[in-house]
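All remarks here apply to the structure that follows.
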Amino acid sequence: QVQLVESGGGLVQAGGSLKLSCAASGRTYSAYDMAWFRQAPGKEREFVARISRSGGVTYYADSVKGRFTISRDNAKNTGYLQMNSLKPEDTAVYYCAAAPRAYGTASQYDYWGQGTQVTVSS
């Protein structure tokens, strides 16, 4: 079992930045691929970014590429999502997720956090 807790969400103006954190506890965090997803009101949950267990391979949705950066610190059992140049359409609840081996599909992930709200005002 892996428990995930997100933090760092909030209200920011368009063009601003936020950094989300995902603290993991339970089994060895470095054994899991990690990803961020988001869900806006009335929309399906969508993939944002994914990072491999070692942190050496990252993958982004086209909508965030060049603006968001996913990273992890396995020594601290924590993952991060740095979000720059935020747009109103980035407004959503952001979730971190983990699995022994997973890519860009939500159903591939076994463990989920409770989510953190990000609101970008225009």
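Between the DSSP loop rule and a limit of at most 10 other Cβ atoms within 10 Å, which GluC sites (Glu not before Pro) in segment 44-122 are left?
On the way: sites: 44, 46, 89; in loops: 44.
Passing both the DSSP loop test and the Cβ count: 44.
Once the piece of chain linking residue 121 and residue 43 is laid out straight, how much longer is it, given 0.36 nm per residue of separation minus the C-alpha distance between them? Kindly include the intermediate steps, with their values, before the conclusion.
Working: separation 78, 0.36 × 78 = 28.08 nm, distance 1.86 nm.
Extending this stretch completely gives an extra 26.2 nm.
Pop a pseudo-label 7 angstrom from the Cα along the beta-carbon direction at both residue 5 and residue 67 and give the gap in nm to one decimal.
My value for the distance between the label points is 3.0 nm.
When all alpha-carbon pairs of the chain are counted, what percent fall beyond 23 Å?
Details: 1574 of 7381 pairs.
The answer is 21 percent, as a whole percent.
Taking all protein chains as present, what is the carbon and sulfur share of the accessible area of the chain, in % to the nearest whole number, probe 1.4 Å?
Working: 2830 of 6040 Å².
Heavy-atom surface of the chain belonging to carbon and sulfur, 1.4 Å probe: 47 percent.
The values are calculated or read from the model by the stated rules, or taken from the named source; none is laboratory data. For clarity, every value in this text was computed on a predicted model and none was experimentally measured. Heads up, the Cβs are rebuilt from the backbone with ideal geometry, glycines too, and the neighbour counts pull from every protein chain shown. Areas reflect the complete protein model, heavy atoms only, side chains present, ligands, DNA and RNA absent. Shrake-Rupley method; radii C 1.70, N 1.55, O 1.52, S 1.80 Å.
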